[in-house]
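Have a look at the structure below before the remarks.
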Amino acid sequence: MKPITDLQPVEPDSVFVKALKEGLIAGALALGLFCLIVGFRTDQNIRNELVLNQRWGLLTIFVLAAAIARFAITYTAPWREERKKTKRAVAEVKEPSAFRRSFPKIGLGLLFTYPFLVILILSISSGSIMGGLQGSLKYVDNFGIQILIYVMLAWGLNIVVGLAGLLDLGYVAFYAVGAYSYALLSTHFGFSFWLLLPMAGIFAATWGVILGFPVLRLRGDYLAIVTLAFGEIIRLILINWTVVTKGTFGISGIAKATLFGIPFTPGPTGFAALLGLPNSGVYYKIFLYYLILLLALLTAWVTIRLRRMPIGRAWEALREDEIACRSLGINTTTTKLTAFATGAMFGGFAGSFFAARQGFVSPESFVFLESAIILAMVVLGGMGSLVGIAIAAAVMIGGTELLRELEFLKRIFGNDFTPELYRMLLFGLAMIVVMVWKPRGFVGSREPSAFLHKRKTVSGEFTKEGHG
Amino acid sequence: MVSEVQKNTSAILRVERLSMKFGGLIAINDLNFEAKRGAITALIGPNGAGKTTVFNCITGFYKPTEGMLTMTRQNGEEYLLERMADFVITKKAKVARTFQNIRLFSGLTVLENLLVAQHNPLMLSSGFTILGLLGFPTYKKAAADAIEKARFWLEKINLVDRADDPAGDLPYGAQRRLEIARAMCTEPELLCLDEPAAGLNARESAELNKLLLDIRAETGTSILLIEHDMAVVMEISDHVVVLEYGTKISDGTPETVKNDPKVIAAYLGVEDEEVVELIEQAEAAGIDDITAAVDLLSTEALHEIEEAHPDMAPAQLIPAAPAKRAKTAAVKKSPAKAASGKAPARAAPGRAAKPTEPEPPIKPTGTIKPGATANALAEPRGGKADRLIVIKGIGPVNERKLNEHGIFHFDQIAAWKKADIIAAEAYLAFDGRIAREDWIGQAKKLAKESLAKPAPKKTGGAK
């Protein structure tokens, strides 16, 4: 028997060999997984027969992607570990960078100049101002306005979910109430947008209180289910109460918003004619852009102010511990109801804006998926953080819009590849990645509403998500 | 006794006939006590005695099944707490509380925790948010004042340096103090603390004592506390109420309570089998009154203790605190209520109201009470009574009752006839026990022994 010391120590594999091995294993796994799913496809031919197509090229891409990704992850693991350590050591003393601190200001500046920047860039690239104006339509409308509507909705929902900690899965109902308030009252009574905007907010807030009452005693999953049901009830009423809402046909021909009485129409009294500008639909879009920007900023301003008020602190305290709240003499009933009502009010504003922008509303715009997307923005952005939520909304809505543009994917996956179909898949994937990478959302920390010596952000590990 | 409680205007909180039932479980059974204004009242008792349930009833988290809770504020306003919602009790009746398991807003900073506690006055000054939202100066001033008030309390609890840290980041002891400060920010007149010293080390516990005494001295807030830490209870409380199985078993100064045999029995406990046995006995004997059953239990327990440690006095089982004899005499009435309040009126009318000596030592009364047995003596022979508690089944309370009825010696009991037993059982408030436990047999044996040799040295109860 040999003494143990004589045994040759086993050489640990070098990182490269290890990464190669793992890459090969991952490739083999991917081959096994995707061989039948991706490698073969059955199609019908003209004679209605099933034909088996082989797609080895696509399968190769899948397998290679898996193998290379695994190889890269394993190969760079020690280096990343090292980097994490040094980063953590540095982060202890690091103040937030100048960019980070002034990010809200930079963001605001960009938002206010965004339509003109787009027009400027497109004018230069196309060589004519008119071309720039027409080209900017897509960017201002599809990106700018669309994103800002969702930013506003997410900021509104943030009051209910992020601050008060009440999980609301039916937020889109208030959006629908706002939109239908404007649509119905303007088509039947001819009220103007500026009158109906606050009214839509009030109606939605009333519905918020109506929803709030029965769910006051509910928490967590139960609250989520009831609010989800509430959202569906509103949608079903809109579909079935055909006398008033015209059911699935929706309401069309809703009056557009005006700039204090000046309509955005091509006629001689229109905005373009009055200012002597060439006729274009882009003015209305730019007007709408600034309108929703101001509405969204109003939401943010009110949220920021409310957080420093006793009611805002009571919301956050409610999220942390409801029983302790009651022991301090806080009426949790009214506190919850005001949270529901305030959140719903901003949903109503956004809804009436939506109706004015589309000129058409139908129940299809207010499905559960919308609620889920808005909630996902609040969660991804970091509950309670306005900047984080805005970034999440921009990424999620902008991202899905951007996927429509990804023509280059066709060059990789072949001509019959339609990126739009994969939107939701990529969307879900991105959410998983973000949640793994930042479980508390983009901005996980919380800004205190008052301070004695120095404003320090509160790390996300202390804040609670609320019990529903 | 009840009428006496009602007349007392110095009481900040009166608990009268409080009962709380959860289905078949009786958590509190007919509890009466009062907390005096400006005093620290402690509520103690073994685990599961119903202390926190009493708190939850007082602060409105439970609605009591029966009973009246009257809070009298400094300005004379009276509030019936059992009729009010929990948050209104804090807001209007000015009762604040802390929790057994700390309930801070861990994600808010220390300062914010104290600001949330000032919600109601701030809400008013912000014009229910509307004026504040529009930036009216009244709110700005109120907000600055609120921060100043928070700073005052932070200085009190030594947490000024950590004002901007999240409350969840504080060490345990500091969280306890912060919870007290938060409750004080609601400007309460009665502060209810649920085990404030739980989990604190000796130094922190001493700091807590100081903090509580400071609070009382500076703000005049009355304090009601639940505590297991006897060092805290005995040192700072002026008045102690002891609960067991939802019933009050003792009430008085720390000194009297500490020497109460029932309290000692409740804390040291008796074996389960015996409890069952005794409850059965009590049922068989037709005792529907829980207090009487507890009485039975405690006398039994005392015997056990004495058998195990023949030379240890019951008083030594709880650490002694500086004697407050003068004070003891002053509040003699209240413990008497605990001891004899439940004595049956049918046998000895007027006995329930009669103040009795709370301490067990034998004291010749000189007069024999009505209903005494035939062989009763006015005074013990030779001025020295036999130690009747040596007889199994006789506890200090019963011994005192026997003494009051002129029974001082074993031979007296040994000579009891049937009629005597009935008479004795009437004033002792139990039926059939004398025969079942063979007091007479025991007494005969003991009487013989005491003739043979001098009586055993007296250890029980004397101080």
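Please work out if A:Y290 is in a helix (DSSP H, G or I), modelled with pLDDT under 85 and of a type outside the set (D, E).
The answer is no for A:Y290.
Whether any residue in region A:423-431 is modelled with pLDDT under 75, more than 14 Å from chain B (Cβ to nearest Cβ), over 26 Å from A:G107 (Cα atoms) and surrounded by 16 or more Cβ atoms within 10 Å (Cβ to Cβ) is what I want to check.
yes
Cβ contacts < 7 Å: first residue within 9 Å of chain A (Cβ to nearest Cβ) and buried (at least 20 other Cβ atoms within 10 Å of the Cβ), restricted to region B:167-188; second residue part of a helix (DSSP H, G or I) and of a type outside the set (A, V, I, L, M, F, W, C), any location; separation 6+ or different chain. Result?
What qualifies is B:A167/B:N113; B:A167/B:Q175; B:R182/B:N113; B:C185/B:K149; B:T186/B:T90.
Looking at (1) touching a Gly at 6+ places or on another chain (Cβ under 6 Å); (2) within 7 Å of chain A (Cβ to nearest Cβ), find the lone condition where B:I89 falls short.
Condition (2) is where B:I89 drops out.
Collect the residues in region B:75-117 that are in a strand (DSSP E or B) and either among the small types (G, A, S) or within 19 Å of B:F55 (Cα to Cα) (or both), keeping them in residue-number order.
B:E78, B:Y79, B:L80, B:V95, B:A96, B:R97 - these are the residues of region B:75-117 that are in a strand (DSSP E or B) and either among the small types (G, A, S) or within 19 Å of B:F55 (Cα to Cα) (or both).
So which of A:A204, A:A229 ends up being within 18 Å of A:G351 (Cα to Cα), among the small types (G, A, S) and either part of a helix (DSSP H, G or I) or not assigned by TED's automatic domain parsing to the domain that holds A:A164 (or both)?
A:A204
Among the numbered criteria (1) acidic (D, E); (2) surrounded by 15 or more Cβ atoms within 10 Å (Cβ to Cβ); (3) part of a helix (DSSP H, G or I), which one does A:D221 miss?
Evaluating A:D221 over (1) acidic (D, E); (2) surrounded by 15 or more Cβ atoms within 10 Å (Cβ to Cβ); (3) part of a helix (DSSP H, G or I) leaves (2) as the failure.
For region B:153-166, give me each residue that is closer than 17 Å to B:Q118 by Cβ and either surrounded by fewer than 20 Cβ atoms within 10 Å (Cβ to Cβ) or facing chain A (nearest Cβ under 8 Å) (or both).
B:L154, B:E155, B:K156, B:A163
Does B:E77 meet the test of being in contact (Cβ under 8 Å) with a residue 24 or more places away in the chain and of a type in the set (D, E)?
no
If you go through region A:166-173 one residue at a time, do you hit one that is in contact with a helix residue (DSSP H, G or I) (Cβ under 8 Å, 6 or more places away or on another chain) and in a helix (DSSP H, G or I)?
yes
List the number of the failed condition for B:T129; all other conditions in (1) in contact with a Pro (Cβ under 7 Å, 6 or more places away or on another chain); (2) facing chain A (nearest Cβ under 9 Å); (3) at pLDDT below 85 hold.
All conditions are met except number (1).
For region B:99-112, what are the residues that are buried (at least 24 other Cβ atoms within 10 Å of the Cβ) and more than 8 Å from chain A (Cβ to nearest Cβ)?
If the condition is that a residue be buried (at least 24 other Cβ atoms within 10 Å of the Cβ) and more than 8 Å from chain A (Cβ to nearest Cβ), then B:V110 is the only one that fits.
Only one of (1) part of a loop (DSSP other than H, G, I, E, B); (2) more than 9 Å from every other protein chain (Cβ to nearest Cβ); (3) surrounded by fewer than 22 Cβ atoms within 10 Å (Cβ to Cβ) fails for B:G135. Which number is that?
Among (1) part of a loop (DSSP other than H, G, I, E, B); (2) more than 9 Å from every other protein chain (Cβ to nearest Cβ); (3) surrounded by fewer than 22 Cβ atoms within 10 Å (Cβ to Cβ), the lone unmet condition for B:G135 is (2).
Can you tell me which residue within region A:432-468, out of those that are surrounded by fewer than 16 Cβ atoms within 10 Å (Cβ to Cβ) and hydrophobic (A, V, I, L, M, F, W, C), is nearest to A:E322 (Cα to Cα)?
Filtering region A:432-468 for residues that are surrounded by fewer than 16 Cβ atoms within 10 Å (Cβ to Cβ) and hydrophobic (A, V, I, L, M, F, W, C), the one nearest to A:E322 (Cα to Cα) comes out as A:F451.
Return yes or no: is B:A150 facing chain A (nearest Cβ under 9 Å) and touching a Ser or Thr at 6+ places or on another chain (Cβ under 8 Å)?
no
For A:I330, which of the numbered conditions (1) closer than 26 Å to B:F136 by Cβ; (2) in a helix (DSSP H, G or I); (3) at the interface with chain B (Cβ under 10 Å from one of its Cβ atoms) fails to hold?
(2)
The values are calculated or read from the model by the stated rules, or taken from the named source; none is laboratory data. From a predicted model like this one, the values you see are computed outputs, not experimental measurements. All Cβ positions, even for glycine, are placed from backbone atoms using ideal geometry, and neighbour counts span all protein chains on display.
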